[in-house]
Amino acid sequence: MNKILNGFISAISFFTVIPFKGSYEINYYTVLFISAVGIITGAIAGIIFYLISNYSSLIAAAFSISFILLIYGFNHLDALADFGDSLMARGNAEKRQQVIKDRYTGSGGFGLVFVIYLMSVALLSYFHGYYGFLAIIYAEVSSRFIMVFSLYKTKAFGSGLGKTFTSIISDNKIIIIINFLPVLIISIFDVYYIGFFIVF
């Protein structure tokens, strides 16, 4: 039981800037709770949206999405920028991988971050109150699960954290199933929006 609880606390400590005194070590128990972290971050961002949307859904969307970027310490934003740079890179797959690994952010990275952020705010501003709250939670949970699922049956192309995550997840169906459970639980609240949340 202690290993499971420590894994949950460590997942929060590793993936967010929430000051939990967990370990930053990535292991089997930490990876089990990647999707569960999305419930916490999504719920907080959802509350922000719910409270502000009474005045303006657009401002609520901007604040809640900005909060999500902040609570993750801009780590996912950095990864998105790297991906944007690789899309704009000319050359073969090896050249694109080198672009992802370098320390610099080019116009492709800045451009993709701007486009994704703008679209996210615009799409979220469509919702109001309770449904916006649910949309944020579902988006957070499903995006965590998709990250886990994308590493199943794959191989890392380099060293570092990506290789660590891949080595734990790639051949483990139990991790995939447990990380899918939060997605299934949130889906029960409003099935009508599942398609939109997955796209979002």
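The values are calculated or read from the model by the stated rules, or taken from the named source; none is laboratory data. Please read all numbers here as calculations on a predicted model, not as lab measurements. We place every Cβ from the backbone using ideal geometry, glycine too, and count neighbours over all the protein chains shown. All accessible areas refer to the heavy atoms of the entire protein, side chains included, with ligands and DNA or RNA removed. Shrake-Rupley method; radii C 1.70, N 1.55, O 1.52, S 1.80 Å.
It is to be established whether one or more residues within the range 39-56 are crowded, with 18+ Cβ neighbours inside 10 Å, of a type in the set (S, T, Y), closer than 28 Å to S167 by Cβ and at pLDDT 65 or above.
Yes, some residue in the range 39-56 is crowded, with 18+ Cβ neighbours inside 10 Å, of a type in the set (S, T, Y), closer than 28 Å to S167 by Cβ and at pLDDT 65 or above.
In the range 167-188, is there at least one residue being part of a helix (DSSP H, G or I) and modelled with pLDDT under 70?
No; the residues of the range 167-188 include none that is part of a helix (DSSP H, G or I) and modelled with pLDDT under 70.
Name the residue that is surrounded by the most Cβ atoms within 10 Å (Cβ to Cβ), counting only residues in the range 1-38 that are of a type in the set (G, A, S) and assigned to a loop (DSSP other than H, G, I, E, B).
That would be G22.
Kindly indicate whether any position in the range 86-98 is modelled with pLDDT of 85 or more and either open to solvent by less than 90 Å² (accessible area, probe 1.4 Å) or outside any helix (DSSP H, G or I) (or both).
For the range 86-98, residues modelled with pLDDT of 85 or more and either open to solvent by less than 90 Å² (accessible area, probe 1.4 Å) or outside any helix (DSSP H, G or I) (or both): absent.
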